[in-house]
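Single-structure report; data block below.
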Amino acid sequence: MTEVPAFTSRTDYAASLLRQEILSGKMEPGDLLAESAVAVRLGVSRVPVREALFTLEREGFVEFSGTGRAFVKALSPQDFDELYTLRLALEPLAARLASPSVTCDARLLEKNIKDTNRAKTMLDVTRLDLEFHEIILEASGNGRLLKLWRSMRGELELWLGRLHRRHQVQKLDTRAETMRSHQTIVDCFKQQTPAACESLMRKHITGWREWLPVLPEGE
């Protein structure tokens, strides 16, 4: 039986562990998350597991069937296209708005790139990739833009993690590509106009769309 850390609730513990397993690829899209089996495995009762599954559903990691059974969410190419469309609408605008004030946030972006260079797992690279973009959304000063982006962060992390893992297997340079493209964005913020920053971010997000063929349909 796994010991539950004293500093966290059983629901938070269960949600955190399941989230980690899903994002790392240990649990595959479509895998059943049976309350009783998960409860036994984690050493908790079914109630916190049920609450954790509801939390993960809200975050976009889990989906429930018509009979109430929980499964690891299997995002389709259509889901990807919808997320891509929203990113393309939100992030270039955020980059333009952030540009005049990003000098005070450039240190955060540079630190993020250094942390990415030191990341020990592909899961950490994915998390830091999204944190980089969230810093820019925060710097935009537009709370509604940030709120909309955060509402889809779970699904973005799910998709990006799968893309990163598959891309890494095929090309072995995911970390380097991420760092290189992010450094280009930081340099643009430091040297170019808001319009140029908006244009570069649009190009960056469009490049994300080109990764879709890396992931077979249904994964």
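The values are calculated or read from the model by the stated rules, or taken from the named source; none is laboratory data. Note that the coordinates shown come from a computational prediction; the quantities given were computed from them, not determined experimentally. Ideal geometry is used to build each Cβ from the backbone, glycine not excepted, and the neighbour counts take in all protein chains shown.
When the stretch 6-27 is filtered for residues that are under 16 Å from the mean Cα position of the chain (by Cα) and acidic (Asp, Glu), only Glu21 remains. If the condition is being among the hydrophobic types (A, V, I, L, M, F, W, C) and either over 20 Å from Ser24 (Cβ atoms) or touching a Cys at 6+ places or on another chain (Cβ under 6 Å) (or both), then the stretch 107-131 contributes Leu108, Leu109, Ile113. Among the residues of the stretch 113-153, the one identified as surrounded by 21 or more Cβ atoms within 10 Å (Cβ to Cβ), assigned to a helix (DSSP H, G or I) and small (Gly, Ala, Ser) is Ala139. Check the stretch 56-69 and report whether any residue there is surrounded by 19 or more Cβ atoms within 10 Å (Cβ to Cβ) and either more than 23 Å from Leu130 (Cα to Cα) or in the same structural domain as Thr206 (by TED's automatic domain parsing) (or both). No. Against the test of being touching a residue at least 12 places away in the same chain (Cβ under 8 Å) and more than 26 Å from Val62 (Cα to Cα), the options Asp115, Asp129 yield a single qualifying residue, Asp115.
Looking only at residues of the stretch 72-112 that are in a loop (DSSP other than H, G, I, E, B) and of a type outside the set (Ser, Thr, Tyr), we find that the one that is surrounded by the fewest Cβ atoms within 10 Å (Cβ to Cβ) is Ala74.
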